[in-house]
Amino acid sequence: MSPRARQSETVPIREELDALAYAYHHVHNELQTKKPGGSVRRRLEDDLQHIRERIDRILEEWVQDDELRDAWNEYLHTHGAKPDGPAAGEPLVFRGESDAGSVAEVRRAGGEYRVYVDGGLLERADADKDFSSQLPGLVFRLDGFEFRETFAASPEALDALAEFVENEGSPPWEYAGEL
C-alpha cells in the first residue's frame, strides 16, 4: 500500500481542537501580562485572532451539533470541562479538479476508499492502483475524466508556513490540520 493510502482511519478533529484550545489559552494568558499599546501585545492579539478563526472554521466545518459548538466556545472562555466531541471523520486521501471544474474527493472510510464527485458519492476506489504514485501532480482518472490533484490551505496557513520556513521559528501548529 502506498504512503498516500496509509493514512489513519479517522481525522483527529478533537485532537486538533484540543491543541488549538491549548494554544488559545496560552496566548490569552500571555496577552494579559503585556502592557496595552505595545508591539508584543499587538502581535499576541493577532495570534489570538488567527487561532480563534481556525477554531471557528473547524467548528463550522466539522461540528454539526450546536450544543457541542457551544460547549467548545464555553471551554475557550471559561477553562471549564473539555467537551467530549466531535467524533472523528473520514480523512481526505485525494482532492482533484477536472478541466470542467468538477471536484473529486477520495476519502477513507474503514477499509475502503469512497470517491465523491461534486459532493455526491460516486463509487469506491482501489487505493493500491489509483493512488500508488508518490510523484507530485497526481492525476486520478474516472469515467473518462481526469482530476488533477489540488490542495486547499488557507492563505493564512500558507503565510504562517512560509514565515516558519524563512525564520525557523515555532512551527505553525494552529494550521497543522490544513497543511
(request) Identify the single condition in (1) exposed (fewer than 12 other Cβ atoms within 10 Å of the Cβ); (2) closer than 22 Å to residue 160 by Cα; (3) modelled with pLDDT of 90 or more that residue 67 does not satisfy, given that it satisfies every other one. (result) (2)
(message) So, in region 70-80, exactly how many residues are open to solvent by 90 Å² or more (accessible area, probe 1.4 Å) and free of Cβ contacts under 8 Å to residues at least 24 places away in the same chain?
(response) 3
(message) Looking at region 136-159, I want the residues that are under 20 Å from residue 114 (Cβ atoms) and have a partner that is surrounded by fewer than 13 Cβ atoms within 10 Å (Cβ to Cβ) with Cβ atoms under 6 Å, at least 6 apart or on another chain. Which pairs are those?
(response) 146/139; 148/139
(message) If I filter region 1-13 down to residues being open to solvent by 60 Å² or more (accessible area, probe 1.4 Å) and under 21 Å from residue 83 (Cα atoms), which single residue comes out as modelled with the highest pLDDT?
(response) 12
(message) So for region 39-55 (the condition being in contact (Cβ under 8 Å) with a residue 40 or more places away in the chain, hydroxyl-bearing (Ser, Thr, Tyr) and either assigned to a helix (DSSP H, G or I) or surrounded by 13 or more Cβ atoms within 10 Å (Cβ to Cβ) (or both)), does at least one residue qualify?
(response) no
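The values are calculated or read from the model by the stated rules, or taken from the named source; none is laboratory data. Predicted model, so just to flag it, every value in this text is computed and none were measured. Using ideal geometry, Cβ is built from the backbone for each residue, glycine included, and neighbour counts are taken over all protein chains shown. Note: areas computed on protein heavy atoms with side chains; ligands, DNA, RNA excluded. Shrake-Rupley method; radii C 1.70, N 1.55, O 1.52, S 1.80 Å.
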